[in-house]
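Notes for the one structure printed next.
Coordinate-derived values only; no laboratory data. Only a predicted model underlies this, so the values are computations on that prediction, with no experimental measurement involved. Neighbour counts are summed over all protein chains in view; Cβ atoms, including those assigned to glycine, are modelled from backbone coordinates with ideal geometry.
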Ligand SMILES: [Zn+2]
C-alpha cells in the first residue's frame, strides 16, 4: 500500500509507521450523519481508517448545508439519504475506503445486527435516548465509544471505555449543557468542529492504544470558556450499565412504532407491513401523486409531507405529537 498520502501524520511522533498500520486496520461505526457525523466521517477516512459503518435515518435538506460539510446543493435538491450522499463523497476523497451504509433508525436490533465487529463507536446523534442505547450496547459488548454533543456555541465530549471508565449513565447528572430535549436554538459550525476535533483526538488515541485520561471536556466557543473534569471515580455501584449487576435497560426497551425526531417537527412511524411496493400501489389506487428515487417515496396527505423508506419506515413532517401521527396513519391505511 502506498503510504505517501499519510506521510505527514506518520511523521507525527505519536503515530509513526506502526501507528498508521494500526489505524488502517480499524473498523469504526459512526451513528448519525448530520453535522457531527459528516465531519467525523471525513476525518476518519482521510486519517486512513480501513473500514467504516455509517447509519442515519434522514435525507438531506437545504438547511443542513450550513454545517453538514460533505453535502452539496445537488444532494439536497434530489432528496438524497444522508448516508448515500456521504458514501459517494467519501469514496471520492479516498477510493480504497470500505463503507457499510445503512438508511436506518438505530435501535437495539440494529446494533446487535450491524455492530458486532466494531473497534470503536462514535456518537454523532442529537438525542439522549440513542446515547443511552449506544452506552448499553458498548458496555455489554466491550466496545469503546465517544460521546459528542453540540448546541448553539457549546460543546461537550467524553470517551467511555468498558472495563476502564465509568459509563455515560453514571455521568448524566453531571454533564453540562446536555440537550435532553430536542434543541431548537440553533448551532454554529465552529462549535461542531470543536466537538468533532475532541472526538477525533480521542478516537486516534483509542485506535493507537495511547494513554487516555478519563475526563469530560466542555466549553463555550463564543464565550471562550474551556473546561474539563476527571470522572474516573464517578461510577455508581447501582448503575444499570456499568454497576455491579448490569441489566442494560436500553437494550431491552420495547421498540415503539412512533418516535419523535429531534428538532425536526417530524414523527417517524415504523410498520414493516407497509413495503414500498404496497405503498406505491396504494397511492396509485387512491390517486395520490408522489415522487420517488431509488431510496424513498415522497407524497403529501392532509397537508403533511410524508417520506417513506424501505422496511416500512416513514417520516411524517409537520407534527410533533405521536397521537396526531397515529390518527393520520389510521386515516391513510385504515
Ligand atoms: Zn455506569
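Could you state the angle between the C-alpha long axis of helix 322-333 and the longest principal axis of the C-alpha atoms of the chain, as a value from 0 to 90 degrees rounded to the nearest 10?
Roughly 40 degrees between the two axes.
So what are the chain's ellipsoid semi-axes, whole angstrom, largest first, if each one is the square root of 5 times an eigenvalue of the alpha-carbon gyration tensor?
The answer is 34, 24, 19 Å, longest axis first.
Once you've got the GNM for the chain with C-alpha springs shorter than 10 Å, pick whichever of 113, 193, 69 has the biggest mean-square fluctuation.
Top of the fluctuation ranking is 113.
Report the calculated FRET efficiency for residue 201 and residue 256 (r = Cβ-Cβ distance, R0 = 45 Å), to the nearest 0.05.
E(calc), rounded to 0.05, equals 0.80.
With axes computed from alpha carbons, what is the tilt in degrees of helix 35-47 against the longest principal axis of the chain, rounded to the nearest 10 within 0 to 90?
On a 0 to 90 degree scale, this one is about 50.
Counting pairs of alpha carbon atoms under 8 Å apart in space and at least six apart in sequence, what relative contact order in percent does the stretch 54-102 give? Let's see the in-between values first.
On the way: 51 pairs, mean separation 21.3, N = 49.
Relative contact order of the stretch 54-102: 44 percent.
What is the distance in Å between the Cα centres of the stretch 39-63 and the stretch 195-261?
Rounded to whole Å, the Cα centres lie 20 Å apart.
Measure off 7 Å from each Cα along the Cα-to-Cβ vector at residue 78 and residue 292, then give the distance between these two points in nanometres to one decimal.
Inter-label distance under the simple model: 1.8 nm.
Bins of 10 Å, beginning at zero and ending with the bin holding the largest distance: percent of Cα pairs per bin for the stretch 99-183, please.
Answer for the stretch 99-183: a P(r) of 16, 51, 29, 4 percent.
When a footprinting reagent is the concern and you count Cβ atoms within 10 Å, what order do 58, 136, 265 take, fewest first?
Numbers: 58 21, 136 26, 265 13.
By the 10 Å Cβ count, ascending, the order reads 265, 58, 136.
Rounded if a/c is under 1.5, else prolate if a/b beats b/c, else oblate: with a ≥ b ≥ c from the C-alpha gyration tensor eigenvalues square-rooted, which is the stretch 20-136? Walk me through the intermediate numbers first.
Values: a/c = 1.83, a/b = 1.12, b/c = 1.64.
Judged from the Cα gyration tensor, the stretch 20-136 comes out oblate (a/c at least 1.5, b/c at or above a/b).
At R0 = 25 Å, how high is the FRET efficiency between residue 310 and residue 46 if r is their beta carbon distance? Nearest 0.05 is fine.
The computed FRET efficiency comes out at 0.25.
At what distance in angstrom do the alpha carbon centres of the stretch 298-333 and the stretch 95-129 lie from each other?
So the separation of the two Cα centres works out to 25 Å.
Take residue 264 and residue 152, extend 7 Å from each Cα along the Cα→Cβ direction, and tell me the distance between the two endpoints in nm.
2.5 nm
Would you please give the FRET efficiency between residue 317 and residue 228, computed as 1/(1 + (r/R0)^6) with r the Cβ-Cβ distance and R0 = 35 Å, to the nearest 0.05?
Working from the Cβ atoms, E equals 0.35.
Using Cα pairs closer than 8 Å and at least 6 residues apart in sequence, work out the relative contact order for the chain, in percent.
Answer for the chain is 13 percent.
Using only DSSP helix segments of four residues or longer, with each worth -39500 (n - 2.57), what per-residue ellipticity at 222 nm results for the chain after dividing by its residue count and rounding to 500?
-9500 deg cm²/dmol
Would any residue of the stretch 210-224 have its amide N under 19 Å from a label point 7 Å out along Cα→Cβ of residue 3? List them or say none.
Only 210 fall inside the zone, counting backbone N under 19 Å.
Take every Cα pair under 8 Å in the stretch 221-283 that's 6+ residues apart, average their separations, divide by the length, and report that relative contact order as a whole percent.
Reported relative contact order: 13 percent.
Report, in degrees rounded to the nearest 10, the 0 to 90 angle that the Cα long axis of helix 82-93 makes with the longest principal axis of the chain.
50 degrees
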